[in-house]
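Right, one structure below, let's go through it.
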Amino acid sequence: MPKVLIAEDDPTMLTLLKTLLEMEGFEVVILTIDEDVPDAVLREKPGVLLLDVHLGKQSGMEIVASMRKNPELSQVRVVMTSGLNVRDECLKRGADHFLLKPFMPDDLINVLRK
């Protein structure tokens, strides 16, 4: 299973995601809310980045757009999540997939296993 790097600002959601993904056999790394996401991706080398659109003071949209411009980060799979249906904008900015919160655990697992 790929390593999943989670950038999410909701502590409850983080706990649930970590538990679910570890039960499914994924290696999980959680970022702190103020951590530099692109730097963490370079350091951790995840198979997938699970990225919240609204990440504290950071913008997930800006993060994914900057990653796509960086040759070292452009190939990392990015799954973006939000409580607002901003699917089209996320995909336009460079996300590989979008999940609308609240999503079913099976939907997330299926996306991560692709």
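Could you order Ser66, Ser59 so the one with the most accessible surface comes first? Probe is 1.4 Å. Could the numbers behind the result be given before it?
On the way: Ser66 55, Ser59 35 Å².
Largest accessible area first, the list is Ser66, Ser59.
Hey, what's the chain come to in accessible area per residue, 1.4 Å probe, Å²?
Values: 6230 Å² over 114 residues.
Solvent-accessible surface per residue comes out at 55 Å².
Across region 6-16, in residue order, what do the Karplus-derived ³J(HN,Hα) couplings come to in whole Hz, using 6.51 cos²θ - 1.76 cosθ + 1.60 with θ = phi - 60° and x for Gly and Pro?
10, 10, 8, 9, 8, x, 5, 5, 4, 4, 5
Scaled to the compact-protein estimate 2.2 N^0.38 Å, what is the alpha-carbon radius of gyration of the chain, rounded to two decimal places? Kindly include the intermediate steps, with their values, before the conclusion.
Numbers: Rg = 12.6 Å, N = 114, 2.2 N^0.38 = 13.3 Å.
Dividing the Cα radius of gyration by 2.2 N^0.38 Å gives 0.95.
Which of Lys45/Lys101; Lys57/Lys114; Lys18/Lys45; Lys18/Lys101 have a Cα-Cα distance over 22 Å? Before the final figure, lay out the partial values.
On the way: Lys45/Lys101 26 Å; Lys57/Lys114 30 Å; Lys18/Lys45 17 Å; Lys18/Lys101 16 Å.
From the list (Lys45/Lys101; Lys57/Lys114; Lys18/Lys45; Lys18/Lys101), the Cα-Cα distance tops 22 Å for Lys45/Lys101; Lys57/Lys114.
Could you work out the helix-only [θ] at 222 nm for the chain, with each DSSP H run of four or more residues adding -39,500 (n - 2.57) and the total divided by the number of residues, to the nearest 500 deg cm²/dmol?
For the chain, the value works out to -12000 deg cm²/dmol.
If amide H atoms are built 1.01 Å from N in the plane of the peptide, which residues on other chains or at least 5 residues away come under 5 Å of the amide H of Thr81?
Counting only residues 5 or more places away or on other chains, the set is Leu51, Asp52, Val53, Leu99.
I'd like the Karplus ³J(HN,Hα) series for region 21-37: coefficients 6.51, -1.76, 1.60, θ = phi - 60°, whole numbers in Hz, and an x wherever there's a Gly or Pro.
Result, rounded to whole Hz: 5, 5, 4, 8, x, 7, 7, 10, 10, 9, 8, 6, 4, 9, 5, 6, 5.
For region 75-90, what does the Karplus curve 6.51 cos²θ - 1.76 cosθ + 1.60, with θ = phi - 60°, yield as ³J(HN,Hα) per residue in whole Hz, taken in order and with x for Gly and Pro?
The phi angles translate into 8, 6, 5, 10, 10, 9, 10, 6, x, 9, 7, 10, 3, 4, 5, 4 Hz.
Which one of Ile63, Val37, Leu91 is farthest out on the positive end of the charge dipole of region 23-96, using unit charges on Cβ (Lys, Arg +1; Asp, Glu -1) and the Cα centre as origin?
Ranked along the dipole, the leading option is Leu91.
What percentages make up the Cα-Cα pair-distance distribution of region 53-114 when the bins are 10 Å wide from 0?
23, 52, 24, 1
The values are calculated or read from the model by the stated rules, or taken from the named source; none is laboratory data. From a predicted model like this one, the values you see are computed outputs, not experimental measurements. Heads up, the Cβs are rebuilt from the backbone with ideal geometry, glycines too, and the neighbour counts pull from every protein chain shown. Protein only, heavy atoms only, side chains kept; ligands, DNA and RNA dropped before computing areas. Shrake-Rupley method; radii C 1.70, N 1.55, O 1.52, S 1.80 Å.
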